[in-house]
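Input: a single structure, listed below in structure tokens.
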Protein chains: 2
Amino acid sequence: MQMSEKILQFLSEPARETPFLVLDLDLVVERYREVKNALPDIDVYYAVKANPADEIVTALADEGSCFDVASIPEMEACVRLGISADRMSYGHTIKKESDIAKAHAAGIDLFAFDSAAEMEKLGRAAPGSRVFCRLVTKGEGADWPLSKKFGFQVEIAEDLLARAKNCGLQPHGISFHVGSQQTDPEQWDAAIAEAAALFRTLDRKGVSLELINLGGGLPARYLNDVPTTARYGDAIMTAMHKHFGNQMPQMILEPGRGLVGDAGVIQAEVVLIAERHNGKAARWVYLDIGKFGGLPETIGEAIKYRITTPRDGGETVPSILAGPTCEELDVLYEHTPYPLPKDLQVGDRIEIQSAGAYTWSYAAVCFNGIPPLKQHVI
Amino acid sequence: MQMSEKILQFLSEPARETPFLVLDLDLVVERYREVKNALPDIDVYYAVKANPADEIVTALADEGSCFDVASIPEMEACVRLGISADRMSYGHTIKKESDIAKAHAAGIDLFAFDSAAEMEKLGRAAPGSRVFCRLVTKGEGADWPLSKKFGFQVEIAEDLLARAKNCGLQPHGISFHVGSQQTDPEQWDAAIAEAAALFRTLDRKGVSLELINLGGGLPARYLNDVPTTARYGDAIMTAMHKHFGNQMPQMILEPGRGLVGDAGVIQAEVVLIAERHNGKAARWVYLDIGKFGGLPETIGEAIKYRITTPRDGGETVPSILAGPTCEELDVLYEHTPYPLPKDLQVGDRIEIQSAGAYTWSYAAVCFNGIPPLKQHVI
């Protein structure tokens with residue numbers, strides 16, 4: 001996977017101060033169309049949190065996308081960009097009641113919940129809204145699983161959806177999240193089966209659901225190869241037909257990483273190369289970006305970015321990659337093998353590929369005095 | 001350890017939007033004097049990175065403190081506040097050559113290094129400067145060890161300090177860091193012994209060192225009790241006299257957390273309480289602050305903050321504490337027991353005690369759209 005012509009052109013211009021993220025908007029639009037092509041019957045709700053840049057939201061709005069917001073500032077940004085409330089969902093399951101009221105006042109009427117207390121808050125602060133309830137999934141196959149902090153078992157979901165009307169809400173659907181960066185398209189099958197069974201159970205109780213929210217999970221291309229978007233489309237639609245038959249509900253997908261991840265490249269600089277013998281002998285390569293400068297997803301070495309250097313192609317040596325701050329914890333990769341060119345030099349500029357998601361807006365305000373990551377959307 | 005009168009007064013005023021950090025400047029000054037009292041012969045270099053608020057830097061400057069900066073923005077902030085360059089050290093061992101040149105141009109002439117490449121950079125960009133070399137330590141007894149990413153063995157340090165003159169630098173001293181939040185005052189002894197031996201070895205080679213930088217490590221009061229500042233003073237000075245005899249070098253201490261940690265309190269709100277059965281049955285308590293909103297030191301549950309609630313004193317239940325974001329990783333304490341009041345309610349305001357260090361400036365720019373932590377210095 002090569003960098004786009006636009007990004008290559010941008011990086012060939014007189015050097016800008018590193019680190020920075022450059023993001024090619026064309027790639028985002030291209031990926032959006034690819035997803036719509038693979039899943040034509042699905043409404044895409046872009047997960048704004050993945051990269052909330054105005055340019056991205058606007059470009060996706062022009063393509064017809066809807067938007068999933070995780071907070072009031074994200075909703076306000078969408079409103080400011082001219083997106084109507086009926087194209088937004090508030091899919092985060094942990095919300096202040098005052099924030100629910102603000103979203104309701106702005107016209108949003110599609111909300112997620114995954115606890116009794118949250119449902120009660122919704123009933124008070126957003127009466128009459130359509131709600132969907134998030135099931136827990138195993139999160140197998142995901143590099144960034146979402147399996148414990150959110151969601152509940154199908155029995156509890158059944159009970160709460162049956163009671164939603166009494167709270168003054170419209171029980172509208174089921175959601176789940178198979179885990180971010182889900183590299184196995186077959187993971188949707190079990191969750192869809194469970195959702196379909198719940199649709200039928202509730203239908204027998206007189207509660208008719210209309211929506212299945214298939215969550216996020218579409219991957220970016222990190223160190224390991226990932227299946228094509230078409231394969232995800234096939235797997236998801238096969239499972240939908242298998243479990244829902246001819247009673248297909250409205251379908252929502254919430255890609256974030258899958259739309260913007262591959263569209264961005266971070267350029268960083270090698271600040272220091274040092275042979276250390278602390279514990280074991282190793283070559284340490286220190287970059288001017290780290291966990292706290294926009295790469296929080298390297299915590300636990302979960303997300304393994306592809307890294308390219310101007311000296312690729314020759315002899316390599318195993319390297320520990322670390323960030324620039326005083327924090328011992330600010331090490332990017334110590335256990336994941338990262339062979340880097342033997343002749344890598346201090347001052348070299350390297351590229352962190354597929355870094356468009358969960359980076360820019362996740363940098364610290366001024367960790368060690370370091371300013372946040374800059375982003376150029378081109 | 002109670003909250004100060006000033007903080008209690010501040011928190012009793014009409015409720016401000018949470019989360020926020022309130023920091024009592026008097027407590028910082030008081031702790032500074034306590035450190036100077038326990039270690040009168042030591043020059044204190046406040047580690048600005050712990051909390052770079054202008055008010056803190058100014059108050060400590062008025063007390064006579066010097067400052068350790070980790071980056072050019074930190075240096076520029078000190079310059080802006082009227083602190084002269086001879087009261088600053090650039091103690092971070094991983095610096096861009098262009099940043100070294102900026103610091104040198106501003107008049108800083110005291111720099112750290114812990115690699116051959118860094119020493120060479122210093123020779124080129126800050127010729128004539130005084131340099132000290134960082135030894136690696138075991139970091140035992142520290143809640144936040146600093147034992148791998150930085151520092152080197154005594155043999156390598158000896159070799160490089162002996163060569164520093166050839167790089168156009170003044171070999172000036174030794175530094176080490178026993179680990180942040182070091183709860184065992186005896187941990188300085190072994191490092192001081194090693195440093196003293198190195199002083200003597202180099203002296204025989206005609207390299208006369210003048211400075212020992214004893215690093216940071218003074219703790220704040222988290223969940224567990226910590227020794228008094230006086231005990232740290234005793235342990236450090238006992239070790240200094242034991243190993244340096246009547247050849248005492250200039251001594252520097254770089255407290256950050258130890259000066260500002262206990263001076264700050266974060267007020268946060270309970271957003272949701274949910275019984276979950278995901279894996280094991282547990283009560284989850286979600287706050288409006290988490291790992292990415294200013295509590296990065298809860299990664300790995302390393303720093304265990306004391307948490308107080310308005311309902312303390314009655315029956316408690318074990319609770320998993322989580323942050324407000326969509327990240328599964330944004331869980332504060334899952335393995336550390338946090339019994340919280342059984343009757344804790346959504347909407348309750350809780351206090352995270354001793355949260356003055358490594359919080360405010362470490363919040364993400366807009367994680368999930370959430371604005372960074374606010375700080376009120378009073």
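In region A:347-364 there is no residue matching the filter, namely being β-branched (Val, Ile, Thr) and in contact with a helix residue (DSSP H, G or I) (Cβ under 7 Å, 6 or more places away or on another chain). Picking from residues in region B:145-184 that are in contact with a Phe, Trp or Tyr (Cβ under 8 Å, 6 or more places away or on another chain) and β-branched (Val, Ile, Thr), the one that is nearest to the other protein chains (Cβ to nearest Cβ) is B:Val178.
Across region A:106-143, the number of residues qualifying as in contact with a Lys or Arg (Cβ under 9 Å, 6 or more places away or on another chain) and more than 25 Å from A:Met75 (Cα to Cα) comes to 3.
The listed residues are A:Leu253, A:Leu295, A:Leu259, A:Leu287, and the only one of them that is touching a helix residue (DSSP H, G or I) at 6+ places or on another chain (Cβ under 6 Å) and either among the aliphatic types (A, V, I, L, M) or not assigned by TED's automatic domain parsing to the domain that holds A:Asp189 (or both) turns out to be A:Leu259.
Scanning region B:244-266 for residues that are surrounded by fewer than 22 Cβ atoms within 10 Å (Cβ to Cβ) and in a helix (DSSP H, G or I) yields a total of 1.
Every listed requirement among (1) touching a residue at least 24 places away in the same chain (Cβ under 8 Å); (2) surrounded by fewer than 19 Cβ atoms within 10 Å (Cβ to Cβ) is met by A:Val44 save one, (2).
In region A:98-107, of all residues being touching a Phe, Trp or Tyr at 6+ places or on another chain (Cβ under 9 Å) and within 14 Å of chain B (Cβ to nearest Cβ), the one that is surrounded by the most Cβ atoms within 10 Å (Cβ to Cβ) corresponds to A:Ala103.
For region B:243-280, filtered to residues that are under 26 Å from the mean Cα position of the chain (by Cα) and small (Gly, Ala, Ser), the residue that is nearest to the other protein chains (Cβ to nearest Cβ) is B:Gly256. Mind checking whether some residue in region B:226-235 is surrounded by fewer than 18 Cβ atoms within 10 Å (Cβ to Cβ), away from chain A (no Cβ under 11 Å) and either touching a Cys at 6+ places or on another chain (Cβ under 7 Å) or among the hydroxyl-bearing types (Ser, Thr, Tyr) (or both)? Yes. Within region A:130-153, identify whether any single residue is surrounded by fewer than 18 Cβ atoms within 10 Å (Cβ to Cβ), small (Gly, Ala, Ser) and more than 21 Å from the chain's Cα centre (by Cα), and answer yes or no. Within region A:130-153, none of the residues are surrounded by fewer than 18 Cβ atoms within 10 Å (Cβ to Cβ), small (Gly, Ala, Ser) and more than 21 Å from the chain's Cα centre (by Cα).
What about A:Arg80, is it more than 22 Å from the chain's Cα centre (by Cα), closer than 23 Å to A:Tyr32 by Cβ and either surrounded by 20 or more Cβ atoms within 10 Å (Cβ to Cβ) or not polar (S, T, N, Q) (or both)? Taking the combined requirement at face value, the residue satisfies it. Among the candidates A:Glu210, A:Glu194, the residue that is among the acidic types (Asp, Glu), in contact with a Leu (Cβ under 7 Å, 6 or more places away or on another chain) and surrounded by fewer than 24 Cβ atoms within 10 Å (Cβ to Cβ) is uniquely A:Glu194. Can you find, within region A:271-308, the residue that is surrounded by the most Cβ atoms within 10 Å (Cβ to Cβ) among those that are in contact with a Gly (Cβ under 9 Å, 6 or more places away or on another chain) and of a type in the set (Phe, Trp, Tyr)? Of everything passing the filter in region A:271-308, A:Tyr286 is surrounded by the most Cβ atoms within 10 Å (Cβ to Cβ). For B:Arg204, the test of being over 17 Å from B:Val44 (Cα atoms), basic (Lys, Arg) and more than 16 Å from the chain's Cα centre (by Cα) is passed. Given the condition facing chain A (nearest Cβ under 10 Å) and surrounded by fewer than 24 Cβ atoms within 10 Å (Cβ to Cβ), answer yes or no: does some residue in region B:309-319 qualify? No, the conditions are met nowhere in region B:309-319. Summed over region A:320-346, residues that are touching an Asp or Glu at 6+ places or on another chain (Cβ under 7 Å) and buried (at least 24 other Cβ atoms within 10 Å of the Cβ) total 3. All of (1) surrounded by fewer than 22 Cβ atoms within 10 Å (Cβ to Cβ); (2) in contact with a helix residue (DSSP H, G or I) (Cβ under 8 Å, 6 or more places away or on another chain) hold for B:Lys95 with one exception: (1). Looking only at region B:288-308, decide whether some residue is at the interface with another protein chain (Cβ under 9 Å from one of its Cβ atoms), at pLDDT 95 or above and closer than 21 Å to A:Glu118 by Cα. Yes, the conditions are met somewhere in region B:288-308. Within region B:347-360, is there a residue that is crowded, with 24+ Cβ neighbours inside 10 Å, touching a residue at least 40 places away in the same chain (Cβ under 8 Å) and in a helix (DSSP H, G or I)? There is at least one residue in region B:347-360 that is crowded, with 24+ Cβ neighbours inside 10 Å, touching a residue at least 40 places away in the same chain (Cβ under 8 Å) and in a helix (DSSP H, G or I). In the set (1) of a type in the set (Val, Ile, Thr); (2) over 30 Å from A:Glu55 (Cα atoms); (3) part of a strand (DSSP E or B); (4) more than 10 Å from chain B (Cβ to nearest Cβ), A:Thr336 fails one condition alone, (3).
The values are calculated or read from the model by the stated rules, or taken from the named source; none is laboratory data. As the structure is a computational prediction, the values presented were derived from the model and not from experiment. Cβ atoms come from the backbone with ideal geometry, glycine included; neighbour counts cover every protein chain shown.
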